[in-house]
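The values are calculated or read from the model by the stated rules, or taken from the named source; none is laboratory data. All figures in this text were calculated on a predicted structure; none of them were measured in a lab. All Cβ positions, even for glycine, are placed from backbone atoms using ideal geometry, and neighbour counts span all protein chains on display. These accessible areas exclude ligands, DNA and RNA; they are computed on the full protein's heavy atoms, side chains included. Shrake-Rupley method; radii C 1.70, N 1.55, O 1.52, S 1.80 Å.
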Amino acid sequence: MAKKKKAIWEWKIVGRAIWDALLKLNPHKMMGNPVMFVVEIGSVITTALLFKGGSAFKFNLQITLWLWFTVLFANFAEAMAEGRGKAQADTLRKARAETIANRILPDGKTEQVPSSKLRSGDVVMVSASEFIPSDGEILEGVASVDESAITGESAPVIREAGGDRSAVTGGTRVLSDWLKIKITSNPGETFLDRMIALVEGAERQKTPNEIALNILLAGLTIIFLLAVVTLQPFAIYSGSPQTVFVLVSLLVCLIPTTIGGLLSAIGIAGMDRLVQHNVLAMSGRAVEAAGDVNTLLLDKTGTITLGNRQAAEFVSAPGITAAQMADAAQLSSLADETPEGRSIVVLAKERYGLRGRDLAAHEAQFIPFTAQTRMSGVNLDGREIRKGAVDAISKYLSEHGTGLPKEVQSAVETIARSGGTPLVVAENRRALGVIHLKDIVKGGMKDRFDQLRAMGIKTVMITGDNPLTAAAIAREAGVDDFLAEATPKDKMDLIRNEQKQGKLVAMTGDGTNDAPALAQADVGVAMNTGTQAAKEAGNMVDLDSNPTKLIEVVEIGKQLLMTRGALTTFSISNDVAKYFAIIPAMFAGTFPVLNALNIMGLQTPQSAVLSAVIFNALIIIALIPLALRGVKYRPMGAAALLRRNLWIYGFGGIVVPFVGIKLIDMVITRAGMA
Amino acid sequence: MDLYSALQYVLFLAIVTALVRPLGGYLERVFSRTPTVLDRLCLPIERLIYRITAVDPNVEMTGTQYATCFVFFGLVGTLLLYAILRLQAFLPWFFPEYHTTQLSPDLASNVAISFSTTTTWQAYGGENTMSYFSQMVGLCAQNFLAGAAGLAVGVAFIRGLARQCSGTLGNFWVDLTRALLWVLLPGALIGAILLVWQGVPMNFRPYAVATSVEHSQQVIAQGPVAALEIIKNLGTNGGGFFNANGAHPYENPTPLTNFLEMLAIVLLPAALTNTLGRMIGQPRQGWLLYWVMIFLFSMGLIFVRHFEQRGNPQFGGVDLQSSSSQSGGNMEGKEVRFGIGGSALTAVVTSNTATGSTNSMHDSFTSLGGLVLLVNLLLGELVFGGLGTGLYSMVMAAAIAVFLAGLMVGRTPEYLGKKIGPAENKMIMLYALAAPFFVLSFTAVAVSSKAGLSGLTTNTGPHGLTEILFAYSSCFANNGQSFAGLSANTVFYNLTTALVMMAGRFGLAIPALAFAGMFARQKNTPSSLGTLPTDSLSFGILLTISLITVTALSYLPALALGPVLERSVFGT
């Protein structure tokens, strides 16, 4: 996991955020945030009344200033969250800089056009050290491409026509060779454009849960508005009318300004955390859905196991020594450049001390693997060594009148049953033994799956292996379920079936045949190395093309939702202390007995109100790092999570303001501010 | 706590708890139209009713249709009752010499709305206002009908939580009919017989005139009391036959009748939690709501009894200890035959359950005892609550806690497998806003207007504020009990309280039904370890705290200037 930790308070971002916070005071923009809009209106009212004059000017002025600070702090929080994305967008914009493209005309001639003039369907030629002008599909050529502008990964990648690695992205650079590319996007709609828009949050739309929470906050705001507005008639009835400054202070303290001020920052920061993990979510909705996922479909290869099978053991036939078997196995694989082949050579060397041999000295003839024979091998000094799948070798042997010995047969079955892949080695039409190829489960995956299970998430391994092999690997890796011999249709059916039960499904995919399943899944993470079709079907793109990251995506989704819940709970819990500060301050003048409610022992009614307002403003600033970083996520069951968060944010939310308000009261009375 | 009170309370809670399961099961069978013991008796009558009214019992209604029928039924009931009340002088059993209070248009409309919304707020005294015809055909009938309508809505709400991928919540007319035939009528019949056995009158005779020991003439009101008495409790209405309501010896002659009447109030609303658990297939969810209710109920009971038994500290030096020769404590406004224990039980039951059938004068409670009752009203009648309405009140109020807790476990919030999204949250907040809006606004208007202040004929100051706040809280809660002391039979109070009663009835039922409709349409998300457990102890604690906190935050300023200030100033 390449987590790039960034400091929260970067001076460049802070500077810009301060300026943005002022710009955001525009009421038109504030209306999107009902809670803070109410605070702004309150600030305007107190400011207007301030100029009308009256008594207690010093107190009223301070209240007014702190109300404005409350609004500004909330805007600042949002601007801070946006700031990091904006900085990243600036870098991306540089990559988008205008380049000149060589467009190939239908008659075969080329013409030079600016990249912004390219349309979908145009064909361009890109040579070494040139920038790829726009997104496209490679028609011809193989080239190494530097994609660091997008992925941040400096090692070049190979892109070639045909297959699953044929997509290229505008703004990346060809390092060697050339590519003939068919452009697939129009200007302004390229991946880079979308990425800039996403990280910048320009088109950020509120997600369903954010809207739901906003409704809740607006509702609470109205309830407190009613409580405060009706308080004045009650106060007049009781012979103790209040000033507008005090009433507005009470209102602002009661309405959930803490979460109201931080809500959009939390959302932006959540998306930003994904970007820092090099995942681009096409919508915030997908991030929320990630938190709700019930079922994870994980491709076996690359996610659960290391990319390839490796030789784990040689089993020799009766009458054959282990050394003989190892020797033949090694010889048959020396020219085999597949990872499996190489692992056989490595095993022979590690286990039997056989060094690699220079076959140039011998009259070696290599027999490459073909789809017809499904065997490979070597003819060397009169020895005819072959290795291959069981059925292929037994067919080869029976053609020459021999068969597989019973012992070899049973070794093959044992290996297959344990989830391995048996490869039979034969020399001069005689079976020497079996190579046990094994899937190597990545380290730490079992723990990962245990955590997911504790979070209530089911993991399903998807593999093309036969059920026997799949079951064995599934058991070893600790996944809950597996889908063997999976075809794209099987995958699709599995997703539909889970969804029919009301579950949310997340998956990763890269190939074109994954596209329908990616589109069907609630969270579809496409690999950046994948085809254009896959990238368009999914709702997230992983720039690192690391399928394991699906798990982190789920965690980020959960963290986002938890942060919202935790800060809302904190915000509402805070009100208890604020009531205890302000209500006695309001009425202790007329009814000294009510001072019994002043359990914090605040100095004067004015200092009490002012302290509550100051606390209310400062807590926004204090919680910005938490909003941007998200509350700490621990993989555990919901019941334990609830208990934990209730203690920290519910109980803590009640206690913290009592302490905070008391401290502020001590400071401002000593400083003579009230 | 004295042994008598303690025994009474434990026995009460034990009986309720023991009956929750069988009654809940019975209600489930009644409303899912599966066989019950009463089928042989009730089915023919049911069929006959459908034939006469041309109702097709198999046609189901959407949330909107259900709500429309509910509102329509309530309005027709209101108009009918209004007509009866205005015409009572021309109808049978009217004694002009006793029924002296004029049923003016504003009073009659207040009463009509009051009874058709199960509020049964009484701005009049029963024995000197209502003829026996009005009592029986008007008020008693509305007690049955409005109570049954509330139960129907509660059942429809449960269906909304239980169903998935369904556009409908059941048929209002069927639920109404079944609530009457299978539940309220048989229950009332049994209860009325028990009351008559204990001495509650059931006759149509004119008031008796007796000569007292001091040789003075005394008019003793009587009438068909038992019939009204039982249904006013069973249907969580609470409007008394007599002005003194449950304190009157003919309504509530013995400690046993008091106990039975309290059971009649609580049993059905409590059992509905079990019906909910059964219908959603997760009995524990129902039990959680039940135990949260029991907890809040018990807290109220303990506090009220404590504050009342402690008595009035202004009586310095007077012996207020309870002993074998006196009940001690604050006995002002309480009946000796119920004592502090029985009065506290009734006060807490009625204030929690949208039932106004008080047996003591709440105005005379200590300020903190009265505060508890007021808080019960403001909680939103969700501790058992009104018949049918209490259950949805609890769920709608719980939804805010569910939403926050759901987020805190890292999922988009869900309850019983259904997601709480923006549309659902709108209904939850509409529901949550209604009470503060109506209660606080109207109290504010009353304390700042001459018409409102003129009602404060006995008390002013903080106690006066409490009286007005209590009146609107009680009306919005469709409870109907009054703090007394407030002269409420004025045009201003008759009209404003009527409006608030309607808001409390329909303004809550409509968003609740809309919410249930949205839940019914959703597909269930299967629960997993990652799902918020809404049947665990920690959720129960969270729910309890959040119910109290949300109420406290909304009303604290008002409460501070009412009962809290009174307590601080007078120490009572």
Top-ranked residue of the range A:207-225 - restricted to ones that are hydrophobic (A, V, I, L, M, F, W, C) and within 25 Å of A:R84 (Cβ to Cβ), ranked as modelled with the lowest pLDDT: A:I211
Residue list for the range B:93-118, filter: of a type in the set (A, V, I, L, M), without any contact (Cβ under 8 Å) to a residue 40 or more places away in the chain and open to solvent by 10 Å² or more (accessible area, probe 1.4 Å): B:L103
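Is at least one residue of the range B:201-208 crowded, with 19+ Cβ neighbours inside 10 Å and basic (K, R)?
no
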Out of B:V395, B:V409, B:V349, B:V383, sole residue that is out of contact with any strand residue (DSSP E or B) (no Cβ under 7 Å at 6 or more places or on another chain), within 8 Å of another protein chain (Cβ to nearest Cβ), among the β-branched types (V, I, T) and open to solvent by less than 10 Å² (accessible area, probe 1.4 Å): B:V409
Filter result (small (G, A, S) and away from every other protein chain (no Cβ under 11 Å)) within the range A:636-674: A:G652, A:G660, A:A671, A:G672, A:A674
Criterion (crowded, with 20+ Cβ neighbours inside 10 Å, closer than 30 Å to B:P35 by Cβ and among the small types (G, A, S)) met by exactly one of B:A221, B:A179: B:A179
Members of the range A:556-572 that are open to solvent by less than 10 Å² (accessible area, probe 1.4 Å) and at the interface with another protein chain (Cβ under 8 Å from one of its Cβ atoms): A:G557, A:K558, A:L561, A:M562, A:R564, A:G565, A:A566, A:T568
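A quick yes/no check of all residues on (1) open to solvent by 20 Å² or more (accessible area, probe 1.4 Å); (2) in contact (Cβ under 8 Å) with a residue 24 or more places away in the chain; (3) of a type in the set (D, E, K, R):
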{"position": "A:E82", "(1), (2), (3)": "yes, yes, yes"}
{"position": "A:R93", "(1), (2), (3)": "yes, yes, yes"}
{"position": "A:R103", "(1), (2), (3)": "yes, no, yes"}
{"position": "A:E111", "(1), (2), (3)": "yes, no, yes"}
{"position": "A:R119", "(1), (2), (3)": "yes, yes, yes"}
{"position": "A:M125", "(1), (2), (3)": "yes, yes, no"}
Subset tally (residues that are open to solvent by 40 Å² or more (accessible area, probe 1.4 Å), modelled with pLDDT of 85 or more and in a helix (DSSP H, G or I)) for the range A:511-540: 3
Matching residues in the range A:576-595 - criterion: being open to solvent by 40 Å² or more (accessible area, probe 1.4 Å), at the interface with another protein chain (Cβ under 10 Å from one of its Cβ atoms) and not hydrophobic (A, V, I, L, M, F, W, C): A:T590, A:P592, A:N595
Considering residues of the range A:265-288 that are touching a Ser or Thr at 6+ places or on another chain (Cβ under 8 Å) and closer than 16 Å to A:L550 by Cβ only, the residue surrounded by the fewest Cβ atoms within 10 Å (Cβ to Cβ): A:N278
Single residue of the range B:480-502 satisfying the filter (open to solvent by 10 Å² or more (accessible area, probe 1.4 Å) and not in a loop (DSSP other than H, G, I, E, B)) that is farthest from B:S109 (Cα to Cα): B:L486
Of the criteria (1) open to solvent by 10 Å² or more (accessible area, probe 1.4 Å); (2) closer than 19 Å to B:A141 by Cα; (3) in a helix (DSSP H, G or I), which one B:V174 fails: (1)
Candidate set: the range A:491-510, residues that are more than 14 Å from chain B (Cβ to nearest Cβ) and open to solvent by 50 Å² or more (accessible area, probe 1.4 Å); chosen: the one nearest to B:S528 (Cα to Cα): A:D493
Enumerated helices (runs of 4 or more DSSP H) restricted to the range A:401-507, each holding at least 1 residues that are at pLDDT 85 or above and among the polar types (S, T, N, Q): A:406-417, A:488-500
Qualifying position, being in contact (Cβ under 8 Å) with a residue 60 or more places away in the chain and open to solvent by 60 Å² or more (accessible area, probe 1.4 Å), among A:E413, A:E407: A:E407
Scan of the range B:179-226 for residues that are in a helix (DSSP H, G or I) and over 23 Å from B:T389 (Cβ atoms), ordered by number: B:L189, B:I190, B:A192, B:I193, B:L194, B:L195, B:V196, B:W197, B:V225, B:A226
Among the residues listed as B:A354, B:A397, the single one being closer than 26 Å to B:A148 by Cα, assigned to a helix (DSSP H, G or I), of a type in the set (A, V, I, L, M, F, W, C) and modelled with pLDDT under 95: B:A397
Number of positions in the range B:531-563 that are assigned to a loop (DSSP other than H, G, I, E, B), more than 8 Å from chain A (Cβ to nearest Cβ) and either without any contact (Cβ under 8 Å) to a residue 24 or more places away in the chain or among the basic types (K, R) (or both): 0
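Results for (1) open to solvent by less than 10 Å² (accessible area, probe 1.4 Å); (2) at positive phi; (3) at pLDDT below 80, shown as yes or no for each residue.
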site: A:A290; (1), (2), (3): yes, no, no
site: A:G307; (1), (2), (3): no, no, yes
site: A:F314; (1), (2), (3): no, no, no
site: A:G319; (1), (2), (3): no, yes, no
site: A:A323; (1), (2), (3): no, no, no
site: A:T338; (1), (2), (3): no, no, yes
site: A:A348; (1), (2), (3): yes, no, no
site: A:R386; (1), (2), (3): no, no, no
site: A:V390; (1), (2), (3): no, no, no
Scan of the range A:250-264 for residues that are assigned to a helix (DSSP H, G or I), within 12 Å of chain B (Cβ to nearest Cβ) and crowded, with 24+ Cβ neighbours inside 10 Å, ordered by number: A:L250, A:C253, A:L254, A:I259, A:L263
Cross-chain or 6+ apart pairs with Cβ under 6 Å, the range B:3-21 first and among the hydrophobic types (A, V, I, L, M, F, W, C), then part of a helix (DSSP H, G or I): B:V16/B:V266; B:V16/B:A270; B:L19/B:L267; B:V20/B:A270; B:V20/B:A271; B:V20/B:N274
Subset tally (residues that are outside any helix (DSSP H, G or I), crowded, with 23+ Cβ neighbours inside 10 Å and within 9 Å of another protein chain (Cβ to nearest Cβ)) for the range B:420-479: 1
Index of the failed condition, B:G507 passing every other in (1) more than 13 Å from chain A (Cβ to nearest Cβ); (2) crowded, with 23+ Cβ neighbours inside 10 Å: (2)
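Looking at the range B:398-411, can you tell me whether even one residue there is touching a Gly at 6+ places or on another chain (Cβ under 6 Å), charged (D, E, K, R) and in contact (Cβ under 8 Å) with a residue 12 or more places away in the chain?
Within the range B:398-411, the subset touching a Gly at 6+ places or on another chain (Cβ under 6 Å) is B:404, B:407-408, B:410-411.
Now drop any that are not charged (D, E, K, R), which leaves B:411.
Adding the requirement that they be in contact (Cβ under 8 Å) with a residue 12 or more places away in the chain leaves B:411.
The answer is yes, given that some residue of the range B:398-411 is touching a Gly at 6+ places or on another chain (Cβ under 6 Å), charged (D, E, K, R) and in contact (Cβ under 8 Å) with a residue 12 or more places away in the chain.
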Residue among A:R194, A:R204 that alone is at pLDDT below 90, away from chain B (no Cβ under 14 Å) and under 30 Å from A:C253 (Cα atoms): A:R204
Test result for A:A617, away from chain B (no Cβ under 14 Å), crowded, with 23+ Cβ neighbours inside 10 Å and in contact (Cβ under 8 Å) with a residue 24 or more places away in the chain: yes
